[in-house]
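So the structure is just underneath, and the comments pick up after that.
The values are calculated or read from the model by the stated rules, or taken from the named source; none is laboratory data. Remember, it's a predicted structure, so these values are computed and weren't measured experimentally. Here the Cβ positions follow ideal geometry from the backbone for every residue, glycine too, while neighbour counts run over all protein chains shown. Ligands, DNA and RNA are excluded from the accessible area calculation, which covers all protein heavy atoms including side chains. Shrake-Rupley method; radii C 1.70, N 1.55, O 1.52, S 1.80 Å.
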Amino acid sequence: MLLEMKNVVKQFGGLTAVSNMSFSVEKGEIFGVIGPNGAGKTTTLKSVAGILRFDAGEIFINGKSIKADPVGCKREMAYIPDNPDMYEFLSGIKYLNFVADIYGMTKAEREERITKYADMFEITKDLAQPVSAYSHGMKQKLAIISALMHKPKLLLMDEPFVGLDPIAAHQLKGIMRELCDEGGAIFFSTHVLEVAEKLCDKVAIIKGGKLLKSGPMEQVKGDASLENVFLELCLLY
């Protein structure tokens, strides 16, 4: 499996943001995490990405421990935050080459992938401009391209469709499925339940840092819609 969380706990002072969280994501799966504001979605993603240290439990990325081998784990994955922070003094193309340098990509590899994804997201003509001149949507596209450059096995995304235009959102959905078809996996959060229901192979519903229900999409929602199950669980707990 590409991601395994075992009894993960993350606390901020007296607040338990993630409580005894356990689940796994297999190769080829799109796994969605849904929950109300403050449910612990972003904290969970940042813990998996190795950005936040957690207080108990263990997280494995493709069999490697994020605690014992953080750099090895980060080579296997990419993380797209909900509000990308970038070096805004760089141009788009310099930022992408900076990311490519970090992952030791060859000139041919980076040129091929930058061309492919910049054309796909229609920002090729904007790559010479400084990132500071980009709109939120353009920054989101640049962050997505930078995450895909080194062909990660596990792609982590926090609210990836926020700020994207409908064409870009459609392209991203296709990329997500393509990555999974090639043996990778997606782990992402979203507030858009219709998107989760259509895209996800598995889903987890969380609230107050606790896992309320998780499993294959059809099993979680049964004969109801995902929205109905989500509302029912969140009102119950």
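Values computed for the structure shown
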{"quantity": "Filtered residues of segment 55-81 (kept if open to solvent by 30 Å² or more (accessible area, probe 1.4 Å), of a type outside the set (S, T, N, Q) and touching a helix residue (DSSP H, G or I) at 6+ places or on another chain (Cβ under 7 Å))", "calculated": "LYS64, TYR79"}
{"quantity": "Residues that are surrounded by fewer than 13 Cβ atoms within 10 Å (Cβ to Cβ) and assigned to a helix (DSSP H, G or I), drawn from segment 117-151", "calculated": "ASP119, LYS125, SER132, ALA133, HIS136"}
{"quantity": "Residue within segment 206-216 that is of a type in the set (S, T, N, Q), within 30 Å of ASP55 (Cβ to Cβ) and open to solvent by 30 Å² or more (accessible area, probe 1.4 Å) present", "calculated": "yes"}
{"quantity": "Lone qualifier among TYR117, TYR95 - being under 19 Å from the mean Cα position of the chain (by Cα) and hydroxyl-bearing (Ser, Thr, Tyr)", "calculated": "TYR117"}
{"quantity": "Of residues in segment 34-54 being open to solvent by less than 10 Å² (accessible area, probe 1.4 Å) and not small (Gly, Ala, Ser), the one nearest to PHE161 (Cα to Cα)", "calculated": "ILE34"}
{"quantity": "Residues located in segment 223-234, provided they are over 12 Å from ILE206 (Cα atoms) and open to solvent by 30 Å² or more (accessible area, probe 1.4 Å)", "calculated": "ASP223, ALA224, SER225, GLU227, ASN228, GLU232"}
{"quantity": "First in segment 51-77 and more than 14 Å from VAL25 (Cα to Cα), second anywhere and open to solvent by 50 Å² or more (accessible area, probe 1.4 Å) and in a helix (DSSP H, G or I), Cβ under 7 Å, 6 or more apart", "calculated": "LEU52/LYS46"}
{"quantity": "Given (1) open to solvent by 10 Å² or more (accessible area, probe 1.4 Å); (2) over 15 Å from the mean Cα position of the chain (by Cα), number of the condition VAL220 does not satisfy", "calculated": "(1)"}
{"quantity": "Residue list for segment 63-99, filter: more than 30 Å from VAL8 (Cα to Cα) and of a type outside the set (S, T, N, Q)", "calculated": "TYR87, GLU88, PHE89, LEU90, GLY92, ILE93, LYS94, TYR95, LEU96, PHE98"}
{"quantity": "Some residue of segment 154-163 being free of Cβ contacts under 8 Å to residues at least 12 places away in the same chain and either of a type in the set (A, V, I, L, M) or farther than 23 Å from GLU26 by Cβ (or both)", "calculated": "no"}
{"quantity": "Where a residue in segment 197-213 is assigned to a strand (DSSP E or B) and its partner, wherever it lies, is open to solvent by 60 Å² or more (accessible area, probe 1.4 Å) and of a type in the set (Ser, Thr, Tyr), with Cβ under 9 Å and at least six apart", "calculated": "LYS207/TYR237; LYS210/TYR237; LEU212/TYR237"}
{"quantity": "Pair list, Cβ < 6 Å and 6+ apart or interchain, from segment 168-187 residues that are touching a residue at least 60 places away in the same chain (Cβ under 8 Å) to residues that are open to solvent by 10 Å² or more (accessible area, probe 1.4 Å)", "calculated": "CYS180/GLY28; GLY183/LYS27; GLY184/LYS153; ALA185/LYS27; ALA185/GLU29"}
{"quantity": "Check on GLU88, in contact with a strand residue (DSSP E or B) (Cβ under 7 Å, 6 or more places away or on another chain), assigned to a loop (DSSP other than H, G, I, E, B) and surrounded by fewer than 19 Cβ atoms within 10 Å (Cβ to Cβ)", "calculated": "yes"}
{"quantity": "Selection status of PHE54, assigned to a strand (DSSP E or B), under 19 Å from the mean Cα position of the chain (by Cα) and at pLDDT 95 or above", "calculated": "no"}
{"quantity": "Residues of segment 108-163 classified as in contact with a Pro (Cβ under 9 Å, 6 or more places away or on another chain) and basic (Lys, Arg), total", "calculated": "1"}
